[in-house]
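Here the structure is laid out as structure tokens; the discussion comes afterwards.
The values are calculated or read from the model by the stated rules, or taken from the named source; none is laboratory data. As the structure is a computational prediction, the values presented were derived from the model and not from experiment. Please note: Cβ atoms are built from the backbone with ideal geometry, for glycine as well, and neighbour counts cover all protein chains shown.
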């Protein structure tokens, strides 16, 4: 059986800790100090906004779903992972939006933030697999 890791758009906290072979506390420290961008899972933000923001009050057009949490929000989410935390950092991009509640499981790190951190810190991760032939018939 061949196992192939499906490409991700983002990793959650546990996936990132596994990728870097470190503890969750290291990820927390990097996020709290702004060394890596920490975001809300896009669907969690969308659902929270849908349930807390009447459609007639929303601006027309696309709501940007990719933004970084601030350090206090990150701290509270890591300290109380099962208790919903009120956040408002999304208001930087969506000024009229209401405060929303999210939980630790809603934290993600987008691949561009991960790659940027790895490049800055000279962390070189090998691909999960390599293409052995030009016609992609053999994956090793």
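For segment 1-14, how many residues meet the condition of being modelled with pLDDT under 95 and surrounded by fewer than 13 Cβ atoms within 10 Å (Cβ to Cβ)?
Result for segment 1-14: 8.
Residues of segment 89-100 being touching a residue at least 12 places away in the same chain (Cβ under 8 Å) and more than 16 Å from the chain's Cα centre (by Cα), which ones?
Our first condition is that a residue be touching a residue at least 12 places away in the same chain (Cβ under 8 Å); within segment 89-100, this holds for 89-90, 92-94, 96-100.
Matches in segment 89-100: 92, 93, 94, 96, 97, 98, 99, 100.
Taking the condition in a loop (DSSP other than H, G, I, E, B), touching a helix residue (DSSP H, G or I) at 6+ places or on another chain (Cβ under 9 Å), modelled with pLDDT under 90 and over 24 Å from residue 124 (Cβ atoms), does residue 63 pass? Spell out the reasoning first.
Values: in a loop (DSSP other than H, G, I, E, B): yes; touching a helix residue (DSSP H, G or I) at 6+ places or on another chain (Cβ under 9 Å): yes; modelled with pLDDT under 90: yes; over 24 Å from residue 124 (Cβ atoms): yes.
Considered against the rule, which asks whether it is in a loop (DSSP other than H, G, I, E, B), touching a helix residue (DSSP H, G or I) at 6+ places or on another chain (Cβ under 9 Å), modelled with pLDDT under 90 and over 24 Å from residue 124 (Cβ atoms), residue 63 comes out as yes.
Report whether or not residue 82 is modelled with pLDDT of 85 or more and either in a loop (DSSP other than H, G, I, E, B) or within 17 Å of residue 24 (Cβ to Cβ) (or both).
Yes; evaluated as a whole, the condition is true for this residue.
When residue 51 is evaluated against the numbered criteria (1) assigned to a loop (DSSP other than H, G, I, E, B); (2) at pLDDT 85 or above; (3) more than 13 Å from the chain's Cα centre (by Cα), which criterion, by number, is the only one it fails?
Answer for residue 51: the failing condition is (1).
Sort out which residues of segment 28-48 are in a helix (DSSP H, G or I) and either surrounded by fewer than 12 Cβ atoms within 10 Å (Cβ to Cβ) or in contact (Cβ under 8 Å) with a residue 24 or more places away in the chain (or both), and write them in order of number.
Those that are in a helix (DSSP H, G or I) and either surrounded by fewer than 12 Cβ atoms within 10 Å (Cβ to Cβ) or in contact (Cβ under 8 Å) with a residue 24 or more places away in the chain (or both): 28, 30, 31, 32, 42, 43, 44, 45, 48.
Does segment 49-61 include one or more residues that are in contact (Cβ under 8 Å) with a residue 40 or more places away in the chain, more than 13 Å from residue 114 (Cβ to Cβ) and in contact with a strand residue (DSSP E or B) (Cβ under 8 Å, 6 or more places away or on another chain)?
yes
Identify all residues within segment 51-94 that are over 27 Å from residue 35 (Cβ atoms) and loosely packed, with under 12 Cβ neighbours inside 10 Å; write none if there are none. Lay out the reasoning, then the answer.
Of the residues in segment 51-94, the ones over 27 Å from residue 35 (Cβ atoms) are 51-63.
Across segment 51-94, the qualifying residues are 51, 54, 55, 56, 57, 59, 60, 61, 62.
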